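Participant: One structure is given below, represented as structure tokens, and several questions about it will come after.
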Amino acid sequence: MSKLSTSLAGAAGDAREYGRAGLYGLLTPQGNPTAEPEMRILLPPQTSMLCARLTSRGGDLRRRLTDYFERLSTFIDQFDDIVFDAVGFACTGSSYGLEAQEERIQLASIETRKGYPVVTAAGAVEQAFRALAVQAIALVSPYPSWLTDACRAHWERRGMRVTATLQLPPASPVQPIYAHTTPALLERVQGFDTHGAEAVLLTGTGMPSLRALQPLEAARGVPVLSSNLCLAWALAKITGTAPPGPESRLYGGWSSRLTIS
């Protein structure tokens with residue numbers, strides 16, 4: 001975080017009625033019903049989260065994902081002059097279609113203008129991989145096949161070895177990603193060969209996954225990460241409220257709160 005951001009956030013935090021331990025903005029795709037409730041569970045106590053929607057009139061997913069990132073500066077301006085500690089971009093799929101340099105330039109421009117960091121879900125996952133010294137991953141994807149291919153190519157460009165990919169079938173004709181459930185996810189992952197992987201990634205902020213993390217990690221013996229888990233951890237790191245280090249398996253400090261109704 002820049003000195004300006006630290007100074008502004010510190011002063012604002014002292015004066016806040018809510019979110020004194022951290023105030024985060026969250027931008028999530030227009031139809032995503034999952035990111036906000038999972039992030040509210042994962043973010044530490046005494047922090048607050050304010051949300052806005054990424055919107056697009058695009059008729060297909062590919063166009064919408066492009067619009068979400070191209071118009072990111074406009075979406076952040078919905079928050080007006082709120083002084084956040086950080087803003088999370090809760091759309092992993094948008095990053096999978098971008099070159100790293102293109103994403104960095106856009107984020108740096110927004111951060112300079114607004115005075116606080118912007119963390120993408122994909123960037124948070126990459127931070128988690130580095131923190132855990134992970135170089136080989138297995139992917140579980142709820143995306144259509146073209147986006148799964150883009151996801152795999154993205155992580156390979158980032159230096160990861162993708163040992164295996166599980167393409168989940170659409171959960172429903174209307175909500176192919178958002179209608180997934182934990183029991184169905186656990187059943188489909190049961191026969192997935194993750195041999196050689198140092199971590200398993202359940203990609204996408206829209207697929208409900210919190211209830212699946214602990215049973216899958218216990219069964220696989222390696223960290224099992226999700227986009228929302230990593231984004232919450234990366235945001236909490238900025239305010240110094242995240243569990244300490246990779247030995248926590250990122251969510252060790254929050255594990256008791258993952259028993260959700």
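Participant: Which whole-number percent of Cα pairs in segment 1-152 have a distance greater than 25 Å?
Facilitator: Summing the P(r) tail past 25 Å for segment 1-152 gives 31 percent.
Participant: What list of ³J(HN,Hα) values in whole Hz, one per residue of segment 222-227 in order, does the Karplus curve 6.51 cos²θ - 1.76 cosθ + 1.60 (θ = phi - 60°) give from phi, with Gly and Pro shown as x?
Facilitator: Once θ is set to phi - 60°, the couplings for segment 222-227 become 9, x, 10, 10, 10, 4 Hz.
Participant: When 1/r is averaged over all different Cα pairs and the result inverted, which Kirkwood radius in Å belongs to segment 36-79? Intermediate values should be presented prior to the final figure.
Facilitator: On the way: mean 1/r = 0.0817 Å⁻¹.
Computed over segment 36-79, the radius equals 12.2 Å.
Participant: Here's another thing I want to ask about it. Quickly rank 119-129, 161-171, 210-220 as a protection proxy: mean count of other C-beta atoms within 10 Å, highest first.
Facilitator: My ranking of the peptides, most packed first, is 119-129, 210-220, 161-171.
Participant: For the chain, what does -39500 (n - 2.57) per DSSP helix run (n ≥ 4), summed and divided by total residues, give at 222 nm, in deg cm²/dmol to the nearest 500?
Facilitator: Values: 11 runs with 110 residues, N = 261.
Taken over the chain, the calculation gives -12500 deg cm²/dmol.
Participant: Here is a follow-up. Which of the peptides 77-88, 229-240, 182-193, 106-117 is most tightly packed, and how do the rest follow, judged by the mean count of other Cβ atoms within 10 Å per residue?
Facilitator: Working: 77-88: 18.7, 229-240: 24.0, 182-193: 13.8, 106-117: 16.8.
Ranked from most to least packed, the peptides come out as 229-240, 77-88, 106-117, 182-193.
Participant: If you don't mind, there's one more thing I want to ask. When only Cα pairs under 8 Å and 6 or more residues apart are kept, what is the percent relative contact order across the chain?
Facilitator: 22
Participant: For an R0 of 25 angstrom, estimate the FRET efficiency from the Cβ-Cβ distance between GLN214 and LEU50 and round to the nearest 0.05.
Facilitator: It comes to 0.30.
Participant: Related question: Going by average Cβ density within 10 Å per residue, which order do the peptides 45-57, 141-153 take, highest to lowest?
Facilitator: Taking the mean over residues of other Cβ atoms within 10 Å, the ranking is 141-153, 45-57.
Participant: Would you give the gap between the C-alpha center of segment 94-138 and the C-alpha center of segment 40-62, rounded to a whole Å?
Facilitator: Result: 16 Å between the Cα centres.
Participant: How large is the translational diffusion coefficient of the chain in µm² per second when you combine the Kirkwood radius over alpha carbon pairs with Stokes-Einstein at 20 °C and 1.002 mPa s?
Facilitator: It diffuses with D of about 116 µm²/s by this estimate.
Just so you know, all these numbers are worked out from the coordinates, no wet-lab data involved. Small disclaimer: the values here were computed from a predicted structure and weren't measured. No Cβ is skipped: glycine too gets one built from the backbone with ideal geometry, and neighbour counts run over all protein chains shown.
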